[in-house]
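The values are calculated or read from the model by the stated rules, or taken from the named source; none is laboratory data. Being a predicted model, the structure only gives us computed values, none of them experimental. Positions of Cβ are generated from backbone atoms using ideal geometry, with glycine treated the same way; all protein chains shown enter the neighbour counts. These area figures cover heavy atoms from the full protein model, side chains too; ligands, DNA and RNA do not enter into them. Shrake-Rupley method; radii C 1.70, N 1.55, O 1.52, S 1.80 Å.
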Amino acid sequence: MHCVALGSRFRIPLWNPVRKKAFTVAKLFYSSSSYHCAPSSVKLLSLLSDVRPLTTMENFWTSGSVDKNKRMVESLQRYGIIKSKKVSEVMEKIDRGLFVQSDTPAYVDSPMQIGYNATISAPHMHATCLELLKEHLQPGMRALDVGSGTGYLTACFAIMVGSQGCAVGVEHIPELASFSIENIKKSSASSLFEGSLWVHVTDGRLGWAELAPYDAIHVGAAAPEIPNALIEQLKPGGRMVIPVGTILQDLKVIDKKLDGSLSIRTETSVRYVPLTSKDAQLRG
């Protein structure tokens, strides 16, 4: 599933000097076909009429098949989105190019269509979620990826928790689940498949109770409210990252305390596709 972040913590370069100045002052961020500005900068919208979407970064990030993924990661590091060695290492190890359609510019910082009214998240959102969950993706831990799509984050989780841990992807579109398995088998996580890495076809709102509880749960689509099944499957001491909302959405970070109570905070404003039924998704 997909997301682009709207919050002011993401600073994406705009190379034209005029655009760069407007961006710096107004803190403009691209999301699908809409923009979000800091309230104090509304009067500067007239400066932004010629700002182009993030696909202007394509040429910067695509100059040689071996280096593309590494350059993407380095760019995310430079702009402060990747903060830890652990996240940079796993994003370098799992090549995003293996998890998109063959004609897709995989290393551009934008969500990409993957079919069936679904998308793969922008690289900065993958990095953000990995940073938020990294302490709960230690070797031997268990992770659940809801709405696993093409399998990218599921593969990242599997590398981080290792052969003694468990990473589970759940996806309700069978064709996407099959595609994700093909992708995983081509990636650095291939040796973990069906040992500590699994992909199941099911309604993600129900999670995957068979291997619960999970130290980390990531949800790749926006729920109108936090699903109770996922709260129940979150281990005490564990963390869930989930977008919540309909038109207006926030990325929520949910920590389950050892006594079972929840601490919930908002990380940033986002835009994801909805967490819904298979039929509703296919109808668009």
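Quick look at the values:
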item: Scope the stretch 90-114; condition open to solvent by less than 10 Å² (accessible area, probe 1.4 Å), within 14 Å of Val73 (Cβ to Cβ) and in a helix (DSSP H, G or I); matching residues; result: Val90, Met91, Arg96
item: Residues satisfying the stated conditions in the stretch 142-154, i.e. within 12 Å of the chain's Cα centre (by Cα) and either assigned to a helix (DSSP H, G or I) or surrounded by fewer than 24 Cβ atoms within 10 Å (Cβ to Cβ) (or both); result: Tyr152, Leu153, Thr154
item: Every residue from the stretch 248-284 that is open to solvent by less than 30 Å² (accessible area, probe 1.4 Å), closer than 21 Å to Arg205 by Cβ, under 18 Å from the mean Cα position of the chain (by Cα) and touching a residue at least 60 places away in the same chain (Cβ under 8 Å); result: Leu251, Val253, Val270, Tyr272, Val273, Leu275
item: All positions within the stretch 115-141 that are open to solvent by less than 20 Å² (accessible area, probe 1.4 Å) and either touching a Ser or Thr at 6+ places or on another chain (Cβ under 7 Å) or of a type in the set (Phe, Trp, Tyr) (or both); result: Ile120, Ala122
item: Residue in the stretch 171-181 that is closer than 24 Å to Leu76 by Cβ and either crowded, with 23+ Cβ neighbours inside 10 Å or touching an Asp or Glu at 6+ places or on another chain (Cβ under 6 Å) (or both) present; result: yes
item: Residues of the stretch 78-112 that turn out to be within 14 Å of the chain's Cα centre (by Cα) and of a type in the set (S, T, N, Q), as a count; result: 1
item: Candidate set from the stretch 65-89 (those that are open to solvent by less than 30 Å² (accessible area, probe 1.4 Å) and of a type in the set (Val, Ile, Thr)); member that is farthest from Ala122 (Cα to Cα); result: Val87
item: Any pair with Cβ under 7 angstrom, 6 or more apart, that starts in the stretch 82-104 at a residue that is over 30 Å from Tyr116 (Cβ atoms) and of a type outside the set (D, E, K, R) and ends at one that is surrounded by fewer than 20 Cβ atoms within 10 Å (Cβ to Cβ) and modelled with pLDDT of 95 or more; result: Ser84/Glu131; Ser84/Lys134; Ser88/Gln77
item: Search result, residues across the stretch 162-203 that are over 21 Å from Ala223 (Cα atoms) and touching a Lys or Arg at 6+ places or on another chain (Cβ under 7 Å); result: Gly165, Cys166, Ser188, Phe193
item: Residue satisfying all of: in the stretch 191-212; open to solvent by 50 Å² or more (accessible area, probe 1.4 Å) and part of a helix (DSSP H, G or I); nearest to Gly151 (Cα to Cα) among these; result: Ser191
item: Ala118 vs. criteria touching a Leu at 6+ places or on another chain (Cβ under 9 Å) and either of a type in the set (Asp, Glu) or under 15 Å from Val273 (Cα atoms) (or both); result: yes
item: Hits in the stretch 205-220 - residues which are within 20 Å of Leu137 (Cα to Cα) and in contact (Cβ under 8 Å) with a residue 40 or more places away in the chain; result: Gly207, Trp208, Leu211, Ala212, Pro213, Tyr214, Asp215, Ala216, Ile217, His218, Val219, Gly220
item: Inter-residue pairs, beta-carbon under 6 Å, first on the phi > 0 side of the Ramachandran plot and in a helix (DSSP H, G or I) and in the stretch 164-188, second of a type in the set (Ser, Thr, Tyr) and crowded, with 24+ Cβ neighbours inside 10 Å, 6+ apart; result: none
item: Test set (1) on the phi < 0 side of the Ramachandran plot; (2) of a type outside the set (D, E, K, R); (3) over 19 Å from the mean Cα position of the chain (by Cα); (4) assigned to a strand (DSSP E or B) - Gly237 fails condition number; result: (1)
